[in-house]
Every structure is written in structure tokens, then in C-alpha cells.
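Here is the structure we will look at.
Read the figures in this text as sums done on the coordinates, not as results from a lab. What you see is a predicted model; the values in this text were computed from it and never measured. So basically every Cβ, Gly included, is an ideal-geometry build from the backbone, and we count neighbours across all protein chains shown.
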Amino acid sequence: MTDARRRLNGSIGLLAGALLVAPLSGCASSARDAEVAQGVAYESGVSEYDDLFEDFAKAQSVSSEVSRRLKSTQKNLADELGLEKGADVDEIIAMVDGKASELRSRGVMLYAEDAGRRTTLSTSGDASKADQKFAASVEEALSGLAELSAEIERAKHSTKKFSSRQKALQGGLGAAFRTSGAVARHKAKRNLEAVALLTAELKVSLSEGLDKLERFAEGLQVAIQAESSMQAEPAAVAEQPYEVEQPAEEPPAQTGGNGNSGGRWVAPADVTLDSD
């Protein structure tokens, strides 16, 4: 084989490889350029397809809002606590913990009660207006986090069925868009491919957002409810002497100078025994 023939065959091989790769890479590129991938509302005109695109857009919207809403909650609470701009979650939780401890030292207790998406935080004792304002700011933060958590959970639940719904709709493209034309069918196909491509990323984003939210909320709850766990321990200790002094078995009847031979033996201070 001549050198010219070898070069020709090599060129043909490279061209064939490029033709095979181009559709695959072009598919991914096209999917990321689709309307749903860009967060743009898209309607295909076929209800079954539009239901999926709408659900995907809602989950996307929640995911994109998590970071902003968490930062907003942090900023509002940090401002109320007098922290510097940009205070992180750990600094905020530490400040809430310190403030709650200071309130307890003055006899002001904080009580949290969950009512659906709303967390009610009340005070007992001689709470000042500043104390009540602090409680209200923590209450607002916890309620906002609870509401966002519910939205994330709903979005996560909807993503579980995206893959199966996408595959079913992909298989029915030809029939569903038979009278809509090639352009409409191609746009629907491209947006379906975007759903398939981005669902895994969306699930990860929602899970990470929920983890951050729960860490913040749990830290705040522990900080304001620390007194509850501290109060439970002394009560248990106080019962111990009584339990230790209880005899394992019923002792024999005691016969004292008063002729009483019945009844259980009790503490010596309550019984007079004959010295003879």
C-alpha cells in the first residue's frame, strides 16, 4: 500500500469517528440549550409533556432559591443579633446559644412549639421587650426554614418520577406530535433530553440544600431548648435515694413494745424498737 493510500485511509477513519462523536456531543449541547435547561418556561402544546416540563421547572425554581433564601435568613438573624456582615451559620448559632443562656440566667425561658410550617417561640418569666424581640427573630428564622424545608421535600419527591416519565414520553414523541410538525417535535425532544440530562444534578442540588437548611435549623433549636435537657437530669437524680432504700424483698414483721406485729418495716426514725 502506498503512502498516499495510507494517508487517505487514515483521513477516512478520522472523518468517520468525527461523524460518530458529533451527534452525541451535539445532543448534550442541544439539551443544555433547551428552554427548560435555561429556566425558561416552555409549552409544547401537548398536556402530558407540558405537565412534566412544568413540574421540572417548579423543582428547578426551588433549587435555585434555596441558597438565596438561606442567606437571607442568615442575614436577618445576624443583623438582629448585632453580628458583623457575612456572619456564617456557626457564628449565628453560637450567638443564639449565648443569648438564650443569658436569658435563662435571668429566669427568662424560651419555649418552642411546632404548628405545621410555623414555629411559635414564647417566653416565660420577666422578659423585656428586647428579649421578646430576640425570640421573635429566632421564631421567624425557624418558621422560614420550616417552610423552605417543606418546599424542598415536595420538589425532591417529584424528581423521583422524572426519569420514568421522561422515558415514556420520549417513546411516544412520534404519535403525540404527528400533526404538530417536525419543528415542534424537535423542540419537545430537545427539552425531554434536557430533563433526562439534568434530573440527577437537580436531585443533588436539592439534597445539598436540604442538608444545609437542616443543620442551621437543628443548631438553632438546640441552642434555644438547651434548658429543657438540663432540667430533666436533676429530677432523675432526686428519685435515686428512694429507689436505693427500697428493700428487694418484704422484710419479716417487726414486733415492738407497742405490740404491733404487722406492716412493712420503714425508716428507723418512724419506728421505736425495744432496747431489751
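Strictly over 31 Å apart at the Cα level, which of Lys161/Lys212; Lys85/Lys160; Lys71/Lys160 would you flag in this model? Check vs 31 Å cut-off fails for Lys85/Lys160.
Kindly put Glu54, Glu102 in sequence by how many other C-beta atoms sit within 10 Å of each C-beta, fewest to most. The partial results should precede the final answer.
Details: Glu54 15, Glu102 12.
The order, fewest Cβ neighbours first, is Glu102, Glu54.
The phi torsions of region 102-113, fed into the Karplus equation with coefficients 6.51, -1.76 and 1.60 and a -60° offset, translate into couplings of 5, 5, 5, 5, 9, x, 9, 9, 10, 10, 9, 9 Hz, rounded to whole numbers, with Gly and Pro shown as x. Rounded to the nearest Hz, the phi-derived 3J(HN,Hα) couplings of region 168-173 under the Karplus curve 6.51 cos²θ - 1.76 cosθ + 1.60 (θ = phi - 60°) are 5, 6, 4, x, x, 4, where x marks glycine and proline.
Couplings 3J(HN,Hα) for region 140-146, derived from phi with the Karplus relation 6.51 cos²θ - 1.76 cosθ + 1.60 (θ = phi - 60°), are 5, 5, 5, 5, x, 5, 5 Hz, where x marks Gly and Pro.
Highest average first, the peptides 58-70, 141-153 ordered by how many other beta carbon atoms sit within 10 Å of their residues are 141-153, 58-70.
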